[in-house]
Amino acid sequence: MSTQDSILQHDSLIKYLTAFRHELHRFPELSNQEHATTARIREQLAKYDIRVLDLPLTTGLVAEVGASDGPLIVLRSDIDALPIEEQSGVEYVSEHPGVMHACGHDFHASAALGAAILLKQQEASLPGRVRILFQAAEETGQGAPDLIATGALDGAAGIFGIHNDPTLPLGVVGSKAGPLTAAVDRFEIKINAVGTHAARPHDGNDPIIIAGQIIGAVQTLISRNAPSGDNAVVSITQVHSGSTWNVIPDSAWLEGTVRSFSQSTRELIERRFRQIVQGIAAAFDAQIDFNWQAGPPSVVNDAEWAEFALKQADASGLQSRVVEASPIGEDFAFYQQQLPGAFMMIGTGEPYPLHHPAFRVNDAALFPTSRYLAELATAALAKVSGK
Ligand code: NI
């Protein structure tokens, strides 16, 4: 193929992928409801004669390129959207009221589709197989465990995943060895007390005072419990109690999240949190229900694959950068409990953060990300097959 042909071919692939991303963006679907999204991806893979594995998945799918045996490398994308009313102002704005691709999973899926197409073009020379995950339900943290349960990752030598990052400049790929994202846990506290007339507090057991004690005491979970070198966050994000001015209510309800980077700190915070809540319950003679919902663990990058992926970014015409860990959550972490892998942030240089109603992705990052993923998978296969 001449250079001119190759440029023309890339040019049409760029247009095709951009149009596909805009289509996904217009029709976003929430976690585990990605039926039309899955059908759209399946249709495009069929056009390029890319096989799809027969797996017991309701939404999401796994494509495969390469020989039917040999070493296996996995690329992961996600496909679900968020319950947010879009205010981005793009032409291809969401046509599903109250649902928006505000985390750019439309970008990830389109980039992965592009990688699958590029890998298909050189299928005969691939020293093994590449599986491309179009994973459902990342936002609930359940998509990755569901996919692992199908056995789609069995025998793989490594897995690579990406997330767009508006805070990094366009063309930059950020990653690091070790923890990259935080473990995400959610807590709920229900205080059951005795309500009374506001003028006669001695007849009751004010849950608002108890909530105040809890709110104050949990501030010490990080500052006086977690090791100073180990970052963590505790945020109480909802407090509800009472309904009028002259009644002390009989209950209060609090909710929030804990973010941590090491398993030991994660366990320490949960244990101390329970002790503080139960201690306050005893001190105020109230009954408190403490509900802890463990979410995805921290994304912990394999040092060798992280370095390999950063080097490949430079080799693929992008610019690698070692970044700080970020307290966002990402269920890619579950894959890394099964096999070594690396997660990379793809710079898009956009003004609004992830999950913001005005969030946008820069389409200029799309094709370079596809090419990067395809080249990364090819290089990883060459490495594990010793070629
Ligand atoms: Ni996301």
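Just the ratio, please: alpha-carbon radius of gyration of the range 260-387 over 2.2 N^0.38 Å, N its number of residues. Intermediate results must be reported in sequence, preceding the final value.
Working: Rg = 20.5 Å, N = 128, 2.2 N^0.38 = 13.9 Å.
Against the compact-globule rule of thumb, the ratio is 1.47.
So what's the angle, to the nearest 10 degrees on a 0 to 90 scale, between helix 366-385 and the longest Cα principal axis of the chain?
On a 0 to 90 degree scale, this one is about 80.
Between the range 320-387 and the range 26-60, how many Å separate their Cα centres?
Going from one Cα centre to the other spans 21 Å.
Given only helices, namely DSSP H runs of n ≥ 4 each adding -39500 (n - 2.57), what is the per-residue ellipticity at 222 nm of the chain, to the nearest 500 deg cm²/dmol? Don't skip to the answer; put the middle values down first.
Values: 10 runs with 135 residues, N = 387.
Here the helix-only value at 222 nm equals -11000 deg cm²/dmol.
If the label point is 7 Å along Cα→Cβ of A124, which residues in the range 32-74 have backbone nitrogen under 16 Å from it?
66-68
Eight or more residues apart or on different chains, and alpha-carbon atoms under 20 Å: count the Lys pairs in the chain matching that.
9
Based on the Cβ-Cβ distance of V247 and Q337, what FRET efficiency does E = 1/(1 + (r/R0)^6) give at R0 = 56 Å, to the nearest 0.05?
Values: r = 49 Å, r/R0 = 0.88.
Efficiency, rounded to the nearest 0.05: 0.70.
Angle, helix 303-315 long axis vs. longest principal axis of the chain, Cα atoms, 0 to 90°, nearest 10?
In the chain, helix 303-315 runs at an angle near 50 degrees to the longest axis.
Treating the chain as a set of equal point scatterers at the Cα positions, no solvent, please give the Debye-formula log₁₀ I(q)/I(0) at q = 0.12 Å⁻¹.
-0.92
Just to be sure I understand: with springs between alpha-carbon atoms less than 10 Å apart, which residue in D206, D106, D165 has the highest mean-square fluctuation in the Gaussian network model of the chain?
D206
Please work out the Cα center distance from the range 141-181 to the range 204-282, rounded to the nearest Å.
Going from one Cα centre to the other spans 31 Å.
At a 1.4 Å probe radius, carbon and sulfur cover how many percent of the accessible area of the chain?
Working: 8480 of 16540 Å².
Carbon-and-sulfur percentage of accessible area, whole number: 51.
Hey, what does the equivalent ellipsoid look like for the range 185-294, semi-axes from the Cα gyration tensor as sqrt of 5 times each eigenvalue, largest first, whole Å?
Numbers: eigenvalues 170, 31, 23 Å².
Working from the Cα gyration tensor, I get semi-axes of 29, 12, 11 Å.
For the Cα atoms of the chain, what angle does the longest principal axis make with the long axis of helix 35-47, in degrees from 0 to 90, nearest 10?
10 degrees
Could you report the chain's accessible area per residue, 1.4 Å probe, as an integer in Å²?
43 Å²
Once both labels are modelled 7 Å past Cα along the beta-carbon direction, what's the Q278-K47 spacing in nm?
5.9 nm
So what's Rg/Rh here for the range 319-387, counting alpha carbon atoms and using the Kirkwood radius for Rh?
Working: Rg = 14.9 Å, Rh = 14.8 Å.
Radius of gyration relative to Kirkwood radius: 1.01.
R0 = 22 Å: FRET efficiency of Q238 with E267, Cβ-based, nearest 0.05? Walk me through the numbers before you get to the answer.
Details: r = 24 Å, r/R0 = 1.11.
Working from the Cβ atoms, E equals 0.35.
The values are calculated or read from the model by the stated rules, or taken from the named source; none is laboratory data. Note that the structure is a prediction, hence the values are computed from the model and not measured. Backbone-built Cβ (ideal geometry, glycine too); neighbour counts: all protein chains shown. Just the protein is used for accessible areas: all its heavy atoms, side chains included, with ligands, DNA and RNA removed. Shrake-Rupley method; radii C 1.70, N 1.55, O 1.52, S 1.80 Å.
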